[in-house]
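The values are calculated or read from the model by the stated rules, or taken from the named source; none is laboratory data. As the structure is a prediction and not an experimental result, all values here were calculated from the model. With ideal geometry, Cβ positions are generated from the backbone for all residues, glycine too; neighbour counts draw on all protein chains shown. With ligands, DNA and RNA removed, areas are computed over all heavy atoms of the protein, side chains included. Shrake-Rupley method; radii C 1.70, N 1.55, O 1.52, S 1.80 Å.
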Amino acid sequence: MIRLNLPTFEMKVSGTKQQPKILDVLRRKYVAITPEEWVRQHLIRFLSERMGAVPQYVSQEYPVLLGGMSQRADIVVCGRDGKPCLLAECKAPDVALEEEGVARNVLAQAVRYNSVVGARYVLITNGRRHLCFEWDARAGRYAPLGNFPDLSVFFGIE
C-alpha cells in the first residue's frame with residue numbers, strides 16, 4: 001500500500017490481490033481500497049485515536065446540498081452537541097497539494113461544502129500533505145493552522 005504521512009494503524013484487509021478491500025471501522029464493512037479510501041481510513045483512525053474525535057460523531061460521505069445538487073463531504077466530525085466542528089476532504093496521494101492551484105481548487109471545494117455544513121475547521125489532505133484551516137469570523141476568512149486541531153475540546157475530554 002501507499003505510504004502516508006499519518007501514523008500507521010493495523011488495518012484489516014481482505015479480498016483478492018486484484019480487488020483488495022479494507023474494513024471501514026465506521027460502516028463496519030469491507031470496502032474497495034482505492035487510493036482515496038486508503039487516505040480516508042487512515043485519517044478517520046488518526047482523528048479518532050490521536051486527535052480526540054469520538055468515532056460515533058464521525059461521518060463519511062456527509063450529504064451536502066449545494067445549489068439544488070446533492071454533494072458529499074468526505075468526512076465531517078460533529079461535537080457532542082451535534083454541531084459540525086471539522087470538515088475534511090481527502091484526495092488520493094498522487095493529487096499534488098504542493099501545487100498551489102491544485103490546493104486552491106481542493107480548498108475551494110471544501111469551503112463550498114463548509115458554507116452549508118458550518119464547521120469551525122476545514123482540512124484537506126492527500127495523506128502525505130495536510131492543510132488545516134480555521135474559520136476566522138472577525139476577518140471573514142479561513143486562517144491556516146500549523147497543525148491539526150485538538151478535537152477533544154468538542155467532547156469535553158481533558
_Can you give me the accessible area per residue for the chain, using a 1.4 Å probe, in Å²?_
56 Å²
_Given the whole protein assembly as supplied and a 1.4 Å probe, what does the accessible area of residue 36 come to in Å², nearest 10?_
60 Å²
*How big is the Kirkwood radius of region 28-72, worked out from every pair of different alpha carbons and given in Å to one decimal?*
12.2 Å
*Taking amide H positions as placed 1.01 Å from N in the peptide plane, with prolines and chain starts having none, which residues 5 or more places from residue 126, or on another chain, fall under 5 Å of its amide H?*
91
*asked:* Looking at the chain as a GNM with Cα springs under 10 Å, which of 52, 67, 15 has the largest mean-square fluctuation?
replied: 67
*Measure nothing fancy, just the Cα-based angle from helix 35-49's long axis to the longest principal axis of the chain, in degrees from 0 to 90, nearest 10.*
70 degrees
_For region 1-129: relative contact order, % (alpha-carbon pairs under 8 angstrom, 6 or more apart)_ = 23 percent
*Roll a 1.4 Å probe over the protein heavy atoms and report the accessible area of residue 27 in Å², nearest 10.*
90 Å²
*Counting pairs of alpha carbon atoms under 8 Å apart in space and at least six apart in sequence, what relative contact order in percent does region 75-151 give?*
27 percent
*Measure nothing but the geometry: give the 0 to 90° angle between the long axis through the Cα atoms of 100-117 and the longest principal axis through the Cα atoms of the chain, rounded to 10°.*
70 degrees
*Taking the chain as a Gaussian network, where each spring joins two C-alpha atoms under 10 Å apart, which residue of 43, 97, 65 fluctuates the most?*
65
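Only four residue types carry charge here, +1 at the Cβ of Lys and Arg and -1 at the Cβ of Asp and Glu. Report the dipole size of the chain about the Cα centre in Debye, rounded to the nearest 20.
Values: 21 positive and 17 negative charges, 73 e Å.
For the chain, the charge dipole is close to 360 debye.
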*Unit charges at the beta carbon, dipole of the chain: most positive-side option, 19, 132, 8*: 19
*With all protein chains present and a 1.4 Å probe, how do 116, 102 order by accessible area, largest first?*
116, 102
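Of all the accessible heavy-atom surface of the chain, with the other protein chains kept in place and a 1.4 Å probe, what percent is carbon and sulfur?
Numbers: 4340 of 8840 Å².
Carbon plus sulfur share of accessible area: 49 percent.
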_Ignoring everything except DSSP H segments at least 4 long, calculate the 222 nm mean residue ellipticity for the chain; use -39,500 (n - 2.57) per segment, divide by total residues, nearest 500._
-7000 deg cm²/dmol
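Take the Cα gyration tensor of the chain, multiply each eigenvalue by 5, square-root it, and list the three semi-axes largest first, rounded to whole angstrom.
So the equivalent ellipsoid measures 24, 18, 16 Å along its semi-axes.
For region 1-93, count the residues as N, evaluate 2.2 N^0.38 Å, and divide the Cα radius of gyration by that value, please.
On the way: Rg = 13.9 Å, N = 93, 2.2 N^0.38 = 12.3 Å.
Normalised by 2.2 N^0.38 Å, the Cα Rg of region 1-93 equals 1.12.
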